[in-house]
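The structure appears right after this line, and notes come after that.
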Amino acid sequence: MSLAEDTTDDPVLGGRLRLKQPRRGHRVGHDAILLAAAAAAEPGAHAVELGAGVGAAGLALARRIPGVRVTLAEIDPALVALANDNAARNGLADRVTAVVADAAGSARALAAAGLPPGCAQHVLMNPPFNDPASAQPSPDPARARAHAATRETLVSWLKTAARLLADHGTVTLIWRGDGFADVLAALEGFGGIAVMPVHPRADAPAVRILVRATKGSRAPLRLLPGLVLNDASGRPSAAAEAVLRDAAPLPLA
């Protein structure tokens, strides 16, 4: 059975998007929608999503901001085909295009894929963030590639973002909560860093951080109030529902 046949068709953002995605392997979750809600963009701007998979974050950004152009960069050709299909199915193919490109690839390879230096005003990314040395990798190759990588992967992806961004462009990423120091160390050449912790409950440590930074900025770091996903009874918080179902932006955006 081909990947195109072995897929599910799932509603996202309260049905504002429908996404085809592989039945097995990496699946779209909260992280992609939180990333899109944290990304800033404006009509007419060009945003690039690195490691886009089936395009969830980039398509959610395009749905929220009319007129923004999005390029979905993904290394897996089968996922690129699904991402382009998802753009068409959601009426966004005129502004959203998926291309085969390695987020850690050379400048020449990215330019050949239509992503030359300085081509974007915004870059968003959900890099693999589980360290294979300390976490058991998935036996599924696609899921393992989407979830596990070394610290050098983050550095490489952010260098790509810096290369793709025009002056004063922004990068937005989501990372695991205990990796805050790794993100700050990797943001060389960026400033105006804003960080929003994401907590599963109000009394629990952050499991994710959303980070936005500006190329060439000298503005100081800002630590924003956190987003709490669930209340004490385990039900989704009103703030989380607004983002995950109603496509509301986060303060980072």
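Applying the selection to the range 16-36, what residues are out of contact with any strand residue (DSSP E or B) (no Cβ under 9 Å at 6 or more places or on another chain) and either at pLDDT 95 or above or closer than 21 Å to residue 125 by Cα (or both)? If you could, list the steps in order and put the result at the bottom.
Taking the range 16-36 first, the residues out of contact with any strand residue (DSSP E or B) (no Cβ under 9 Å at 6 or more places or on another chain) are 16, 24-26, 29.
Matches in the range 16-36: 16, 25, 26, 29.
Of all the listed residues (103, 135, 120, 144), the sole one being touching a Ser or Thr at 6+ places or on another chain (Cβ under 9 Å), at pLDDT below 95 and among the aliphatic types (A, V, I, L, M) is 144. Return the residues of the range 170-201 that are of a type outside the set (A, V, I, L, M) and within 16 Å of the chain's Cα centre (by Cα); say none if nothing qualifies. Selection gives 170, 172, 175, 176, 177, 197.
Tell me, which residue of the range 216-233 that is among the polar types (S, T, N, Q) and surrounded by 13 or more Cβ atoms within 10 Å (Cβ to Cβ) is farthest from residue 187 (Cα to Cα)?
230
If you go through the range 174-183 one residue at a time, do you hit one that is of a type in the set (Asp, Glu) and either in contact with a helix residue (DSSP H, G or I) (Cβ under 8 Å, 6 or more places away or on another chain) or within 16 Å of residue 206 (Cβ to Cβ) (or both)? If you could, list the steps in order and put the result at the bottom.
Restricting attention to the range 174-183, the residues satisfying the condition of being of a type in the set (Asp, Glu) are 178, 182.
Remaining after also requiring either in contact with a helix residue (DSSP H, G or I) (Cβ under 8 Å, 6 or more places away or on another chain) or within 16 Å of residue 206 (Cβ to Cβ) (or both): 178, 182.
Within the range 174-183 (the criterion being of a type in the set (Asp, Glu) and either in contact with a helix residue (DSSP H, G or I) (Cβ under 8 Å, 6 or more places away or on another chain) or within 16 Å of residue 206 (Cβ to Cβ) (or both)), the answer is yes, since at least one residue qualifies.
Residue 58 falls short on exactly one of the conditions (1) among the small types (Gly, Ala, Ser); (2) over 23 Å from residue 169 (Cα atoms); (3) not in a loop (DSSP other than H, G, I, E, B), and that condition is (2). With the requirement that a residue be touching a Ser or Thr at 6+ places or on another chain (Cβ under 7 Å) and among the hydrophobic types (A, V, I, L, M, F, W, C), what does the range 162-198 give you? Passing the criteria: only 190. Taking the range 198-253 as the range and being of a type in the set (D, E, K, R) and in contact with a His (Cβ under 7 Å, 6 or more places away or on another chain) as the test, only 215 passes. Which residues, taken from the range 65-95, are of a type in the set (D, E, K, R) and either assigned to a helix (DSSP H, G or I) or on the phi > 0 side of the Ramachandran plot (or both)? The answer is 85, 89.
Each residue in the range 7-41 was checked for being of a type outside the set (Lys, Arg) and without any contact (Cβ under 8 Å) to a residue 40 or more places away in the chain, and 7 of them qualify.
The values are calculated or read from the model by the stated rules, or taken from the named source; none is laboratory data. Everything quoted here is computed from the prediction, not taken from an experiment. Neighbour counts run over all protein chains shown; Cβ positions are idealised from the backbone, glycine included.
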